[in-house]
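Trainee: I have a structure here, written as structure tokens, and I will follow up with some questions on it.
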Amino acid sequence: MFTGTWLFEDRTDAGRQLAETIAGEETLADPLVVALPRGGVPVAYEIAVRIGAPLDILIVRKIGAPGHAEFGLGALVDGEEPELVLNRQAILLVRPAKGYVEAETGRQHAEILRRRALYFGDRQPLSPKDRDVILVDDGIATGGTVRAAIKALRRAQPRRLLLAVPVAPKGELNELRSCVDRIICLATPAAFRAVGLHYRDFEQTSDEEVIALMKKARREDEA
């Protein structure tokens, strides 16, 4: 059981703290905030509102190991051509059965299509091209999902790509620094075990909450 001090009350609190840091330190050109759903959306919403930027979503699904879904063998990123980013070291370690990765990729692609229809409807994602893009999640553990998202966003040719997360292990951030133009992270606990341990309330974000926040963000952006 975690016995230390909570860093964040909930994702909203974490987002507000991140937003203040970004607003105070960054001069952004045509900014776009991109959230990794579902947990990244409440964090990203606070940033988007604070800096007056539109909010969008990039759907990324982890390719989990057999029997251990949280251990990522790679990730699948939504897009016109969905991008599969595999962790070769993890695959060599786990040695999944022949056909497992292909089958799991197909299953996660179906989930991406479900979420895309749910979150976007007929709306197309906003283009990151030539914009300052802030990629947001509620924290980083192994970094596989974020790494896949960064690769996909780089392909879309943003002017600058920033990664903003409330909490992450220092080692993972060091590995990601060369992939983005800047990392904004509020805390890098020495004894890092899991993202949720640093929130008082880390209840799972629902699809309904994601949809409501996206609609609210669009109203704010159009006001």
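Trainee: Using the count of nearby Cβ atoms within 10 Å as a rough guide to exposure, how do V195, V146, V133 rank from fewest to most?
Mentor: Ordered from fewest to most neighbouring Cβ atoms within 10 Å, V195, V146, V133 come out as V195, V146, V133.
Trainee: Another one. Find how much the distance from R177 to R116 grows on full extension, using 0.36 nm per residue of separation minus their present alpha carbon separation; answer in nm with one decimal.
Mentor: Numbers: separation 61, 0.36 × 61 = 21.96 nm, distance 2.91 nm.
That works out to 19.0 nm of additional length.
Trainee: What percent does the relative contact order of the chain come to when contacts are Cα pairs within less than 8 Å and at least six residues apart?
Mentor: Details: 385 pairs, mean separation 59.0, N = 223.
The normalised contact order for the chain reaches 26 percent.
Trainee: Between D56, D130, D78, find the one with the highest GNM mean-square fluctuation for the chain; connect C-alpha pairs within less than 10 Å.
Mentor: Evaluated over the chain, the most mobile residue of the options is D130.
Trainee: Further question: I need two numbers for region 62-119: Rg to one decimal and Dmax as a whole number, Cα atoms only, in Å.
Mentor: Cα-based Rg and Dmax for region 62-119 come out at 11.7, 35 Å.
Trainee: If the chain between D221 and Q89 were fully stretched, how many nm would it gain, using 0.36 nm times the residue separation less the Cα-Cα distance? It would help to have the intermediate numbers written out before the result.
Mentor: Values: separation 132, 0.36 × 132 = 47.52 nm, distance 4.23 nm.
Once the chain is fully extended between D221 and Q89, it gains 43.3 nm.
Trainee: Sorting check: for 101-113, 151-163, which peptide has the highest mean count of neighbouring beta carbons within 10 Å, and how do the rest follow?
Mentor: Per-residue Cβ counts within 10 Å, averaged per peptide and sorted highest first, yield 151-163, 101-113.
Trainee: Grab the Cα-Cα distance for E25 and A187, subtract it from 0.36 nm times how many residues apart they are, and report the gain in nm with one decimal.
Mentor: Taking 0.36 nm per residue and subtracting the Cα distance, the gain is 56.7 nm.
Trainee: Averaging the inverse of every distinct alpha carbon separation and then flipping it gives the Kirkwood radius. What is it for the chain, in angstrom units?
Mentor: Details: mean 1/r = 0.0562 Å⁻¹.
Evaluated over the chain, this radius sits at 17.8 Å.
Trainee: How would you rank H198, H68, going from fewest to most other Cβ atoms within 10 Å of each one's own Cβ?
Mentor: Working: H198 24, H68 10.
By the 10 Å Cβ count, ascending: H68, H198.
Trainee: Let me ask something additional. Just to confirm my numbers, what's the Cα centroid distance between region 76-131 and region 151-223 in Å?
Mentor: 18 Å
Read-outs: derived from the displayed coordinates by stated rules, not from any lab. Keep in mind it's a predicted model, so treat the numbers as computed, not measured. Positions of Cβ are backbone-derived with ideal geometry, glycine not excepted, and every protein chain shown enters the neighbour counts.
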